C-alpha cells in the first residue's frame, strides 16, 4: 500500500514538472519593454540644427578701440555651429497647401532648436530619410518647442500616443528614448529606469533655466543629445519630454529630468494654434513654506505657498491678497510648492472669477480673483517695465525679483536681463539672460526706472550711435559690451 502511494506521488510530481517546463518553454522570456519600444521607437527623430552665428568680440571693449585694432589682427565676425538633439512625432495631418504630403509635428526642447529660425533644421526619421523642418513655435519659459516637416503621404509614420503625467507615481517604470551624443550616431537609444521623484522645481541649468518647472526626475539614463526625446510609461504612452541632467561630468549619473507631458500638451497646442503661449498673471511673489515659517505662522501643517509681496495694481491686490497670506488652494487645486503654483496660475482661465483659498491669521477664507494675460497692456506699471525693449530686444527686472532670486543673482546694483530676443541687437552683442546691467554709458543703473530713463535720454538727445553697457555676467565676471543703436 505504501509503495502504491509512493508511486502515485512520484507520478504526480513528474506530470507537474513536465507541465511546468512546457509552460516555461511557451512563455516569451523577453522583457515586457520590447513590445512597447517597437511601437513607439520609430516616432523618435534625430534633430540637427546647422547655421552661422555672429560673434560679439569686436563689439566689446577693448577690441573695438582703434589702438587695439592696430596691433591685433581682425577678429572673425561669425562662426558656424551645429547642434543636435531629439524629438518625437506627436501629431500628423494632411498638408493644407500640398495634397501629396502630410505635415508632421514634432515636440522637442527649446534649447535644441532655438537657433533654428535663421538656420537649417534637419530631422532624420527612423528609416534614415532626412527632411527639412521649420519652427512652429518656441517657449523658453518651459524649454519646449514645436517644429514641423512635410512628408510624403506614402511614407509610414509612427505617431507617439500622449499619456497623463498627473497619474505618474514614484518608483513607476519609465523608458527614455533619444539620440545621446549625436556626433557618435547613437540614434534611438533606449534606457530604462523608474520615476525617482515628481514635482521637482527651483533647479538651475545655467542661463537658459526655464521659469516654469515641474520636472519628473528619473534614473533612466539621459545624456547630452537625449534632450527632446520621449519618456514613456509601461503602457508605451509619452508621459514626459526629456530635458536636462544634473552631472559634474556632463554625462548620466542617474539624475535626469523630464517635462510632464500634461504641461507640454498645453504649450504645444498654444504654439500650433496661436504661435505663442498665453499665460495668466496674478501679481504676487510666492515663497515656499519651510517648517520654521510654518511654526512662525502657527500652521497646522506645511502646505501651500506664502505671499511674500503683492504687486501694486495687480489682480492679486484688487482681489485683496496681502503679504503673509498662505495660499493653500487655487482654482480648487491643492498647492504643494511654488513651482506647481506658478504653472497652475499660468494655465488658469482669464477674465473669469477664480476662487483662492487662503489662511490669514490662522483662519481659512476664500477670495476671488480675475486674472489677466501675462503680457496684457492692462498690467500695472511695475510690470510694464518687463516688456521687451524696442531698441535692444531684452526684458529686464529688478534685482529683488522672483527671477533674480531663482537665478541666485548677487549684484550690488543694476537690473537683471532675464529674456533676450533671438538676433536682437543685445543678443548679437553678446548679452545673455542672467547678466546684470550695472551702467549705461558710464551712468550707474540702480533700478528699472533708471534703465528706462537713461534709454529715453539717449533717444531724446540722439547724441550717440553706440550704447556702452557695463555688466556683471551670469558667472560673476565683469565686462563692457557695446550695442550699435542702428
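The values are calculated or read from the model by the stated rules, or taken from the named source; none is laboratory data. Quick caveat: nothing in here was measured; it's all calculated off a predicted structure. Cβ sites come from the backbone with ideal geometry, for glycine too, and all protein chains shown count toward neighbours.
Miscellaneous remarks
- Residue within the stretch 224-234 that is touching a strand residue (DSSP E or B) at 6+ places or on another chain (Cβ under 9 Å) and farther than 24 Å from residue 39 by Cβ present: yes
- Boolean, residue 242 is crowded, with 21+ Cβ neighbours inside 10 Å, assigned to a loop (DSSP other than H, G, I, E, B) and outside the structural domain of residue 474 (by TED's automatic domain parsing): no
- Answer from 82, 34, 45, 40 - the residue that is closer than 30 Å to residue 103 by Cβ, in a helix (DSSP H, G or I) and at pLDDT 50 or above: 40
- Within the stretch 363-385, the set of residues being in a loop (DSSP other than H, G, I, E, B) and modelled with pLDDT of 85 or more comprises 371 only.
- Within the stretch 298-313, being crowded, with 17+ Cβ neighbours inside 10 Å and farther than 20 Å from residue 211 by Cα holds for 299, 303.
- Considering only residues in the stretch 175-185 that are touching a residue at least 60 places away in the same chain (Cβ under 8 Å) and assigned to a helix (DSSP H, G or I), the one that is surrounded by the most Cβ atoms within 10 Å (Cβ to Cβ) turns out to be 182.
- Residue that is surrounded by the fewest Cβ atoms within 10 Å (Cβ to Cβ), among those in the stretch 214-235 that are within 15 Å of residue 253 (Cβ to Cβ) and modelled with pLDDT under 90: 224
This table checks each residue for (1) within 21 Å of residue 259 (Cα to Cα); (2) in a strand (DSSP E or B).
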residue	(1), (2)
87	yes, yes
97	no, no
117	no, no
122	no, yes
126	no, no
131	no, yes
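- Residue match in the stretch 151-174 (condition: more than 21 Å from residue 269 (Cα to Cα), assigned by TED's automatic domain parsing to the domain that holds residue 198, within 18 Å of the chain's Cα centre (by Cα) and outside any loop (DSSP other than H, G, I, E, B)): no
- Residue in the stretch 87-94 that is out of contact with any helix residue (DSSP H, G or I) (no Cβ under 6 Å at 6 or more places or on another chain) and buried (at least 19 other Cβ atoms within 10 Å of the Cβ) present: yes
- If you go through the stretch 257-273 and pick out every residue that is in contact (Cβ under 8 Å) with a residue 24 or more places away in the chain and more than 25 Å from residue 245 (Cα to Cα), you end up with 3.
Here's the yes/no breakdown for (1) touching a residue at least 12 places away in the same chain (Cβ under 8 Å); (2) assigned by TED's automatic domain parsing to the domain that holds residue 148; (3) within 25 Å of the chain's Cα centre (by Cα):
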site: 287; (1), (2), (3): yes, no, yes
site: 305; (1), (2), (3): yes, no, yes
site: 314; (1), (2), (3): yes, no, no
site: 322; (1), (2), (3): yes, no, no
site: 329; (1), (2), (3): yes, no, yes
site: 344; (1), (2), (3): yes, no, yes
site: 358; (1), (2), (3): yes, no, no
site: 366; (1), (2), (3): no, no, no
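- Scan of the stretch 290-340 for residues that are modelled with pLDDT of 90 or more and part of a helix (DSSP H, G or I), ordered by number: 315, 316, 317, 318, 319
- Sole residue being modelled with pLDDT of 90 or more and out of contact with any helix residue (DSSP H, G or I) (no Cβ under 6 Å at 6 or more places or on another chain), chosen from 261, 211, 253, 198: 198
- Restricting attention to the stretch 100-147, the residues that are out of contact with any strand residue (DSSP E or B) (no Cβ under 7 Å at 6 or more places or on another chain) and under 21 Å from residue 187 (Cβ atoms) total 5.
- Any hit, the stretch 259-282, residues being under 14 Å from the mean Cα position of the chain (by Cα), part of a strand (DSSP E or B) and surrounded by 19 or more Cβ atoms within 10 Å (Cβ to Cβ): yes
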